[in-house]
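The values are calculated or read from the model by the stated rules, or taken from the named source; none is laboratory data. Small disclaimer: the values here were computed from a predicted structure and weren't measured. The protein model used for the area step is the full one, side chains on, heavy atoms only, and it has no ligands, DNA or RNA in it. Shrake-Rupley method; radii C 1.70, N 1.55, O 1.52, S 1.80 Å.
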Amino acid sequence: MDEKLQELLYKVQMAAVDIGNTAAALATSAVRGAEELVETGRQKARLIDLKAEVNLRLREIGELVYGTHTGEPADSEVLFAKLREIDELKSEIAQISGTAAQGEEGEGVQAEICCPNCGAAAQAGDIYCRGCGARL
Ligand SMILES: [Zn+2]
């Protein structure tokens, strides 16, 4: 296998792993519920769009790479152009993720609520204490 294609396959694999991680992170944040800041919500929507763009390109790249396997060698310039597009998308994703992470630190502080009655830790959105049932 030529070196360029090996490097390419490695990049595709890494990008796919990263997308898997992000999907898991998005699922986790969805569970965290409706208390997201509007701005964070917008960033997440943008992240999902960007991820979709990356996914689309990965799919195209996958088909090009598969073409190589079935005897239609892919044009490596086309492949690398798509990879560079992914690089750009990913740098935007990283920027937004950085900002979103700062927002989540803030949420983390807010989430540390303790029951005034028994001192048990409560979670953001709880109305009554999970320990003693007192109103928070
Ligand atoms: Zn309590």
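Given the structure, is residue 77 of a type in the set (Asp, Glu), modelled with pLDDT of 80 or more and open to solvent by 30 Å² or more (accessible area, probe 1.4 Å)?
It is true that residue 77 is of a type in the set (Asp, Glu), modelled with pLDDT of 80 or more and open to solvent by 30 Å² or more (accessible area, probe 1.4 Å).
How many of the residues in region 68-91 are assigned to a helix (DSSP H, G or I) and farther than 17 Å from residue 7 by Cα?
Number of matching residues: 4.
Among the residues of region 37-84, how many are under 19 Å from the mean Cα position of the chain (by Cα) and β-branched (Val, Ile, Thr)?
4
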